[in-house]
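Trainee: Would you mind keeping the following structure in view while I ask a few things?
The values are calculated or read from the model by the stated rules, or taken from the named source; none is laboratory data. Because the structure is predicted, anything quoted here is derived from the model rather than measured. Cβ coordinates were reconstructed from backbone atoms using ideal geometry, including for glycine residues, and neighbour counts include every protein chain displayed.
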Amino acid sequence: MLKLNKLELREIVLPLNAPFETSFGTSVERRIMVIRVFDKDGAVGYGECTAPENPFYNHETIETAWTIISKFAAPLLASSNVGNAGDIGTALAPIRGNRMAIGGVEAAVWDLEARLANKPLWQHLGGTLPEINCGVSIGLQSSPEVLLEKVTREVEAGYQRIKLKIKPGQDIELVRTVREKYPDILLSVDANSAYVLDRDAELLKQLDDYGLLMIEQPLAAGDLVDHARLQRKIDTAICLDESITTLSDAKHALILGSCRIINIKLGRVGGHAAARAIQEHAANSNIPVWCGGMLESGIGRAHNIAMSTLAGFTLPGDVSASARYWAEDIIDPPVTVSATGTITPPSGPGIGYEVKEPLIEKLTVRREEISLV
Ligand code: OSB
Ligand code: MG
């Protein structure tokens, strides 16, 4: 049984190697919340809260997550005496939404519990896949030619699936350019909710000509009904990202026929227990899932790797090498991807990567310690 003692929140600032542009905005540097949870004997677990800088992907930001954790999650944990990582979700259930805040804390407790059990986190979670399959997400670029250069680099690096960000005005032409050069790669697109059913159904239908693995979240975040209508009109599989925040969202999406693939993000669904439940439900319904990314530092990336070893994660995820994002990652060794586009999960206890404490200390711009007793 765990006896939680203390939580530490830090904000670190990490510049991205290159700006990352989506339909909702551009990231140049990341403000990342690193969470440490301590037990009564001083053992530590690490988590990363994936809430970004702005409330444009979903409603959360690093600021809202900080408040939710320090003002509400920590007191609930202090009063509930949770003994297992698997019970954190129940203890924090009175908090509505704010799953990235909850998920960061929950993930840290899973790491702590795995370390205390002297087991790799991925095995502790019940993961079985000996290696995970990796893809890349490529942001909007200044021109189709520049995009093609980026795609070429990633295909040559061995990544198994290329995902292009699209938005109205930068869609069909991008896909056509990449498809002409690479007729056989696994290719998908992600719209981050930039389209509207009534206005754009015909345009989205044109994507059927390019043999895409999926179109991710074309319509509004939260919407299931219009996605179901769109899925009936197009042949390309819809994958939901923003619209799936809970197991019940996933159940409803499958009942309605809103998607044929689900992207699972640890933060968006509130942690490992919820992620595992969603992948299990999807697997039982023959719906493949894959691990999404939020431009995580090494700690969040290590959690994504662990999650991706669960049996339902059959499609390549947006889990790629540290060096695609950062000059220097905060874990050692950095995450690397093999020439065949795979990552082998680490064998050490917990997340299995050493966390570079001195580097984190140097990058810290804000820190708060919160008692859990
Ligand atoms: O929708 O998958 C997304 C990044 C930030 C916010 C949302 C998304 C993304 C990505 C990048 O696509 C995935 C990654 O490489 O971490
Ligand atoms: Mg997405």
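Trainee: Within the stretch 173-195, can you find the residues that are in a helix (DSSP H, G or I) and not β-branched (Val, Ile, Thr)?
Mentor: Selection gives Glu173, Leu174, Arg176, Arg179, Glu180, Lys181.
Trainee: Among the residues of the stretch 201-216, write down those that are part of a loop (DSSP other than H, G, I, E, B) and either free of Cβ contacts under 8 Å to residues at least 40 places away in the same chain or away from ligand 2 (no atom under 14 Å from the Cβ) (or both).
Mentor: Hits for the stretch 201-216 are Gly211, Leu212.
Trainee: Related question: List, please: which pairs have Cβ atoms under 9 Å, are six or more places apart or on different chains, and start with a residue in the stretch 274-292 that is within 13 Å of Lys251 (Cβ to Cβ) and not assigned by TED's automatic domain parsing to the domain that holds Gly103 and end with one that is among the charged types (D, E, K, R) and outside any helix (DSSP H, G or I)?
Mentor: As it stands, the answer is Ile287/Arg260, since those pairs meet every condition given.
Trainee: To continue, here is another question. From the list Gly270, Gly292, Gly298, pick out the single residue that is buried (at least 23 other Cβ atoms within 10 Å of the Cβ), farther than 27 Å from Arg176 by Cβ, within 14 Å of ligand 1 (Cβ to nearest atom) and not aliphatic (A, V, I, L, M).
Mentor: Gly298
Trainee: Moving on. Out of the residues in the stretch 306-323 that are touching a Leu at 6+ places or on another chain (Cβ under 9 Å) and under 22 Å from Met33 (Cβ atoms), which is farthest from ligand 2 (Cβ to nearest atom)?
Mentor: Ala306
Trainee: Now a separate question. Among the residues of the stretch 120-146, write down those that are under 16 Å from Phe20 (Cα atoms) and either in a loop (DSSP other than H, G, I, E, B) or away from ligand 1 (no atom under 16 Å from the Cβ) (or both).
Mentor: Listed by number, the residues that qualify are Gly139, Leu140, Gln141, Ser142, Ser143, Pro144, Val146.
Trainee: A further question follows. Just the residues that are farther than 17 Å from Lys205 by Cα and buried (at least 17 other Cβ atoms within 10 Å of the Cβ), please, taken from the stretch 249-261.
Mentor: Asp249, Ala250, Ala253, Leu254, Ile261
Trainee: Please work out if Ala101 is surrounded by fewer than 23 Cβ atoms within 10 Å (Cβ to Cβ) and either in the same structural domain as Ala65 (by TED's automatic domain parsing) or within 16 Å of ligand 2 (Cβ to nearest atom) (or both).
Mentor: In short, no.
Trainee: Could you please let me know if His281 is buried (at least 18 other Cβ atoms within 10 Å of the Cβ), in contact with a Lys or Arg (Cβ under 7 Å, 6 or more places away or on another chain) and modelled with pLDDT of 95 or more?
Mentor: The answer is yes for His281.
Trainee: Please state which one of Lys167, Lys150 is in contact with a strand residue (DSSP E or B) (Cβ under 6 Å, 6 or more places away or on another chain), within 16 Å of ligand 1 (Cβ to nearest atom), in the same structural domain as Val289 (by TED's automatic domain parsing) and in contact (Cβ under 8 Å) with a residue 12 or more places away in the chain.
Mentor: None of the others qualify; the one that does is Lys150.
Trainee: A follow-up question, please. Tell me, yes or no, whether the stretch 111-131 has at least one residue that is under 30 Å from Thr177 (Cα atoms), in the same structural domain as Thr314 (by TED's automatic domain parsing) and at pLDDT 95 or above.
Mentor: Checked the stretch 111-131: no residue is under 30 Å from Thr177 (Cα atoms), in the same structural domain as Thr314 (by TED's automatic domain parsing) and at pLDDT 95 or above.
Trainee: Condition first: part of a helix (DSSP H, G or I) and either in contact with a strand residue (DSSP E or B) (Cβ under 7 Å, 6 or more places away or on another chain) or crowded, with 17+ Cβ neighbours inside 10 Å (or both). Now tell me which residues in the stretch 230-248 satisfy that.
Mentor: Leu230, Gln231, Leu247
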